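J.: What follows is a structure written as structure tokens; I'll ask about it next.
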Amino acid sequence: MSWLYERGALMAGALEGKSIVITGSRKLTELSTIIEKQGGTALVRSQQGTMLPEEETLGRDLQQLVDNRPNWFLFTTGTGLEQMLQQAERMGIREQLIDAISNAKVAARGYKTFALLKKIQISPIAVDDDGTTAGLIRALQDYDYAGQSIVVQQHGEAMPGLVQFLEGKGATTSTILPYRHIPPEADVSETLYQEIIAGRVDAVCFTTAVQVRYFFEYATRKGGCEQIVRSFEDRVAATAVGRVTAEALREAGVKRVIMPEIERMGAMIIELAQFYQTVRNEAL
């Protein structure tokens, strides 16, 4: 992280007078410190919601996986895979689960998922090229799925596009949901909603696609989704930690998205500081 602070020192004051919203729930002190070092004010408006493990259902599904041994496993989040392994440990079937995965074809989305698979000595044969579900589908395009049984680990919600792709190629799919999300507090979403529409904040930093979806679902219920998009285009900088989060913003209609090359939270803030410094330089 030191290089971020070194680079940040070169841009001291780049966020001077700016109110920057953090919508996540992790590393809040660290991110706030980086914002303040650049002269900005950090505001926490968490849109992450709460992750609730589905232990009872997950336990039943894991036992079926161990007993039936599918041909493919598709893992879409490191968090989901970790929940599966932890539940299997509690059930006393962790080694059996890892053996079932080892003897199947494996695909992975996201660097955290890939890293966790590597940790348990499993090498996926298909990996996305950009951290997105679309990227995973591209990586899976050339395989034959006729008559194959495939388990798709979902990331807190349904993934109809991926399932439809696989079934369209002749696969028999089943899904496993290690956890589900509970929406954030409505009053926090309302505060952020009003701040963006009124332009009372200068940037909003999203660190997961879940945060984007929750916030825009709230805006849609309020009937102000178009106003939010216009504000992001005209007054408020929409900032994403990486490709998956940026993709969610673009799907919501936001065209201007600031995103770092290195998908890290600190790098996101420094990229935002660079954006404002460039704007100031161009105005001179």
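The values are calculated or read from the model by the stated rules, or taken from the named source; none is laboratory data. Keep in mind the model is a prediction, meaning the values are calculated, not measured. Every residue, glycine among them, receives a Cβ derived from its backbone with ideal geometry; neighbour counts consider all protein chains shown. For the accessible areas, the whole protein counts, side chains as well, though only heavy atoms, and no ligand, DNA or RNA atoms are used. Shrake-Rupley method; radii C 1.70, N 1.55, O 1.52, S 1.80 Å.
J.: When a/c is below 1.5 the answer is rounded, else prolate if a/b is larger than b/c, else oblate, so apply that to segment 109-199 with a ≥ b ≥ c taken from the square roots of the Cα gyration tensor eigenvalues.
T.: Since a/c reaches 1.5 and a/b is larger than b/c, the shape of segment 109-199 is classed as prolate.
J.: Note the full-extension length gain between Q164 and E190 as 0.36 nm times their separation in residues minus their Cα-Cα distance, in nm to one decimal.
T.: 5.8 nm
J.: Hey, another quick one. Apply the a/c threshold of 1.5 to the C-alpha gyration tensor of the chain and tell me whether it is rounded, prolate or oblate.
T.: Cα axes put the chain in the prolate bin.
J.: Place a +1 charge on the Cβ of each Lys and Arg in the chain and a -1 charge on the Cβ of each Asp and Glu, then give the dipole magnitude about the Cα centre in debye, rounded to the nearest 20.
T.: Taking the Cα centre of the chain as origin, the dipole is about 280 debye.
J.: What nm value, rounded to one decimal, do you get for the distance between T175 and E89 when each label is placed 7 Å out toward the C-beta?
T.: 2.7
J.: List, in order, the whole-Hz ³J(HN,Hα) value for each residue of segment 121-136 obtained from phi through the Karplus relation with A = 6.51, B = -1.76, C = 1.60 and θ = phi - 60°; use x for Gly and Pro.
T.: Here the 3J(HN,Hα) series is 6, 10, 10, x, 8, 9, 9, 4, 9, 8, x, 10, 5, 4, x, 5 Hz.
J.: For the modelled label position 7 Å from the Cα of R230 along Cα-to-Cβ, which residues of segment 161-203 have backbone nitrogen atoms closer than 12 Å?
T.: Taking a point 7 Å out along Cα→Cβ of R230, the residues of segment 161-203 whose backbone N falls under 12 Å are 197-198.
J.: Order the peptides 76-82, 106-112, 117-123 from the highest to the lowest mean number of other Cβ atoms within 10 Å of their residues.
T.: The densest-packed peptide leads the list: 106-112, 76-82, 117-123.
J.: Can you tell me which aspartates and glutamates have their Cα less than 15 Å from the Cα of K37? Leave out same-chain residues fewer than eight positions away.
T.: The qualifying aspartates and glutamates are E6, E16, E271.
J.: Length gain on complete extension for the stretch E282 to S102, per 0.36 nm per residue less the alpha carbon to alpha carbon distance?
T.: Result for the pair: 59.3 nm of gain on full extension.
J.: So what J values fall out for segment 71-87 if you push phi through Karplus, 6.51 cos²θ - 1.76 cosθ + 1.60 with θ = phi - 60°, rounded to Hz, Gly and Pro as x?
T.: 6, 9, 10, 10, 9, 10, 8, x, 4, x, 4, 4, 4, 4, 5, 5, 5
J.: Follow-up. With a 1.4 Å probe and every protein chain kept in, tell me what percent of the accessible surface of the chain is carbon plus sulfur.
T.: Solvent-exposed carbon and sulfur of the chain make up 47 percent of the total.
J.: Additional query: What does the highest-first list of 26-37, 267-278 look like by mean Cβ count within 10 Å?
T.: Result, highest mean Cβ count within 10 Å first: 267-278, 26-37.
J.: Net charge near A126, counting Lys/Arg +1 and Asp/Glu -1 over other residues with Cβ under 10 Å of its Cβ?
T.: With Lys, Arg at +1 and Asp, Glu at -1, the net is +1.
J.: May I ask you to list the lysines whose Cα is less than 29 Å away from that of K222, ignoring any residue fewer than eight positions away on the same chain?
T.: K222 reaches K18, K255.
J.: Ignoring everything but the protein chains, give the 1.4 Å probe accessible area of S174 in square angstrom, nearest 10.
T.: 60
J.: Distance between Cα centroids, segment 155-213 to segment 227-243: provide it in whole Å.
T.: If we compute the Cα centre of each part, the gap is 16 Å.
J.: So in the chain, what percent of DSSP beta bridges are antiparallel if you round to the nearest 5?
T.: Around 15 percent antiparallel, to the nearest 5.
J.: How many angstrom lie between the C-alpha centres of segment 253-284 and segment 86-103?
T.: Segment 253-284 and segment 86-103 have Cα centres spaced 43 Å from each other.
J.: Just order 175-182, 219-226, 194-201 by mean Cβ neighbour count inside 10 Å, highest at the front, would you?
T.: Descending packing order for the listed peptides: 175-182, 194-201, 219-226.
J.: Set the Förster radius R0 to 41 Å, insert the Cβ-Cβ distance between T29 and D144 as r into 1/(1 + (r/R0)^6), and round the FRET efficiency to 0.05.
T.: 0.25
J.: ³J(HN,Hα) across segment 243-257 via Karplus (A = 6.51, B = -1.76, C = 1.60, θ = phi - 60°), whole Hz, x for Gly/Pro?
T.: 5, 5, 5, 5, 4, 5, 5, 5, 4, 7, x, 7, 8, 8, 10
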